[in-house]
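See structure below.
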Amino acid sequence: MAVIHYTSFSLVFLATASIFLAVAQAQGGQPHHGGHPHPGGHPQAGTPVGGRDLCSGSSYPAMCRSIVKGQTNPQCATEAVVNQLVVETKHANTNVDRFGSTQSQVIQICKENYDIALTNLQTSLTNLKSKDTAGFKSNLSAALADYVTCDDAFGELGETSPVANTNKMLREMADTGLYLVTMVH
């Protein structure tokens, strides 16, 4: 059993490092968007930050737009994505039980990782509110890695994860949050 966890950790570390590198590379090509003060501290809907759509540079722009729903404040948009990710992770944690007892050990690994992801997501929201961007990225990346670990647990048994599509969606949402936070200043 220990070998499974060490192998998963290696894959999780590799996935997390890849995400950090992708985010760092994306930040290098993005201009700084300074905002003007708006009443209430948030730009009006329909007023793109820096004259552009927040989701246009996302790897998953359709998903991003469906969650942020026209929000133009990067911090509020990022918070909306993480809040939706919390909801979807809770659904995934509940729904994974339906795959029965033949894969109960792996199902339990997934449930534990979804619980850990929820803790990481709550911490990332706290980080976001306190303007701790590095902490936010670290905790959201950790949640993303938790979804990978669930699928890896099935793969290590030579089985296809029955929650692969759910975990893919969760990873894409986390990636969207990591992208949006690059515009929070």
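Each value in this text was obtained by applying a stated rule to the coordinates, not by laboratory testing. Worth saying up front: this structure is predicted, and the values here are computed from it rather than measured. As a convention, Cβ positions derive from the backbone with ideal geometry for all residues, glycine included, and neighbour counts pool all protein chains shown.
From the phi angles alone, apply the Karplus equation (6.51, -1.76, 1.60; θ = phi - 60°) to segment 152-160 and give each ³J(HN,Hα) in whole Hz, x where the residue is Gly or Pro.
Result, ordered by residue: 4, 4, 5, x, 5, 9, x, 10, 7 Hz.
Residue by residue through segment 59-66, what is 3J(HN,Hα) from phi via Karplus (6.51 cos²θ - 1.76 cosθ + 1.60, θ = phi - 60°)? Round to whole Hz and write x for glycine and proline.
Per residue, the Karplus-derived 3J(HN,Hα) values read 5, 10, x, 5, 4, 4, 4, 5 Hz.
Taking loop as defined by DSSP and a crowding limit of 14 other beta carbons within 10 Å, which GluC sites (Glu not before Pro) in segment 114-182 fit? Display every interim value, and only then the final one.
On the way: sites: GLU156, GLU159, GLU172; in loops: GLU159.
Taking segment 114-182 and a limit of 14 other Cβ atoms within 10 Å, the loop GluC sites (Glu not before Pro) found are GLU159.
Kindly rank 113-124, 143-154 from highest to lowest mean number of other beta carbons found within 10 Å of each residue. Before the final figure, lay out the partial values.
Numbers: 113-124: 20.3, 143-154: 24.5.
With the highest mean Cβ count within 10 Å placed first, the list reads 143-154, 113-124.
List, in order, the whole-Hz ³J(HN,Hα) value for each residue of segment 72-85 obtained from phi through the Karplus relation with A = 6.51, B = -1.76, C = 1.60 and θ = phi - 60°; use x for Gly and Pro.
Those phi angles translate into 10, 8, x, 5, 5, 5, 4, 4, 4, 5, 5, 4, 5, 5 Hz.
Please work out how much length the chain gains when fully extended from LEU157 to SER104, using 0.36 nm per residue of separation minus the C-alpha to C-alpha distance, in nm with one decimal. It would help to have the intermediate numbers written out before the result.
Working: separation 53, 0.36 × 53 = 19.08 nm, distance 1.22 nm.
Full extension of this stretch gives 17.9 nm more.
7 Å from Cα along Cα→Cβ at both THR94 and SER130: what's the point-to-point distance in nm?
3.1 nm
Arrange the peptides 133-141, 61-69, 78-86 so that the one whose residues have, on average, the most other Cβ atoms within 10 Å appears first. Can you show the working numbers first?
Numbers: 133-141: 19.4, 61-69: 16.8, 78-86: 21.8.
Top of the packing list down: 78-86, 133-141, 61-69.
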